[in-house]
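Step one of this worksheet: look at the structure below.
The values are calculated or read from the model by the stated rules, or taken from the named source; none is laboratory data. Worth saying up front: this structure is predicted, and the values here are computed from it rather than measured. With ideal geometry, Cβ positions are generated from the backbone for all residues, glycine too; neighbour counts draw on all protein chains shown. Quick note on the areas: whole protein, heavy atoms, side chains included, nothing else; ligands and nucleic acids left out. Shrake-Rupley method; radii C 1.70, N 1.55, O 1.52, S 1.80 Å.
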Amino acid sequence: DAGVIQSPRHEVTEMGQEVTLRCKPISGHDYLFWYRQTMMRGLELLIYFNNNVPIDDSGMPEDRFSAKMPNASFSTLKIQPSEPRDSAVYFCASSQQETQYFGPGTRLLVL
Amino acid sequence: QKEVEQNSGPLSVPEGAIASLNCTYSDRGSQSFFWYRQYSGKSPELIMFIYSNGDKEDGRFTAQLNKASQYVSLLIRDSQPSDSATYLCAVNRGGSARQLTFGSGTQLTVLP
């Protein structure tokens, strides 16, 4: 299996621009998680889905952030408009049981 | 109080020594416990998980769980320079909840 796939791997954008991060979970996994990691706050859960349905979005920082999972093999995390404080590494993870498997991450820099 | 706390380190041990990484959690109802390793610039990767009180061994790694003390640890025997990484403790509440709560991680350096 190819593992969790994320794109892009790196993104540099200017404040105010829209950013879309993409994730393909491991085939057969019915849970998908979006995390953000920074030096100051560590690894934070933003939102997670079960069978394409959002279960808990309490970690989404504000309305500028949105996430969708239109089908079992694809999810997006969108930031609109982006701000410099959104600069972080964003990880997608998927699971079938309790163990979560992480993708390589997207390193986002908002100037 | 943070939900999951780890000794932040950094922790340095000589090659061949035992590295001991500790983690405490606040939710007494937590059911499952995970240790992830994260190399600099990489994503977290699972080392092992533990559900029951006691020890669980996997190669050079041993996870120890004490639910009464709300404490979980990871021992790395015969530490190697390649073990140098940040180790993340994660806790799951169990039941229908699938989210993990992560500690801030302990940075380990194994000195040749």
**Message:** For region B:25-71, give me each residue that is more than 21 Å from A:Tyr101 (Cα to Cα) and within 10 Å of the chain's Cα centre (by Cα).
**Reply:** B:Gln64
**Message:** On the basis of being within 14 Å of chain A (Cβ to nearest Cβ), within 13 Å of B:Thr24 (Cβ to Cβ), under 11 Å from the mean Cα position of the chain (by Cα) and touching a residue at least 12 places away in the same chain (Cβ under 8 Å), does B:Thr86 make the cut?
**Reply:** no
**Request:** Pick out the one residue from B:Arg77, B:Arg60, B:Arg98 that is within 10 Å of chain A (Cβ to nearest Cβ) and open to solvent by 40 Å² or more (accessible area, probe 1.4 Å).
**Result:** B:Arg98
**Prompt:** Within region A:74-101, restricting attention to residues that are closer than 26 Å to A:Gln17 by Cβ and polar (S, T, N, Q), which residue is farthest from the other protein chains (Cβ to nearest Cβ)?
**Reply:** A:Gln80
**Request:** Exactly one condition in (1) charged (D, E, K, R); (2) crowded, with 20+ Cβ neighbours inside 10 Å; (3) at the interface with chain B (Cβ under 10 Å from one of its Cβ atoms) is not met by A:Glu44; state its number.
**Result:** (2)
**Message:** List the residue pairs whose Cβ atoms are under 8 Å apart, where the first residue sits in region B:39-51 and is more than 7 Å from every other protein chain (Cβ to nearest Cβ) and of a type in the set (Gly, Ala, Ser), the second is surrounded by 13 or more Cβ atoms within 10 Å (Cβ to Cβ) and in a strand (DSSP E or B), and the two are 6 or more positions apart or on different chains.
**Reply:** B:Ser40/B:Ala85; B:Ser40/B:Thr86
**Residue selected from region A:102-111 under the condition away from chain B (no Cβ under 11 Å) and either within 18 Å of A:Leu43 (Cα to Cα) or of a type in the set (Asp, Glu) (or both), by the criterion most open to solvent (accessible area, probe 1.4 Å)** = A:Leu109
**Prompt:** Is it true that some residue in region A:41-48 is out of contact with any strand residue (DSSP E or B) (no Cβ under 6 Å at 6 or more places or on another chain) and within 30 Å of B:Lys2 (Cα to Cα)?
**Reply:** yes
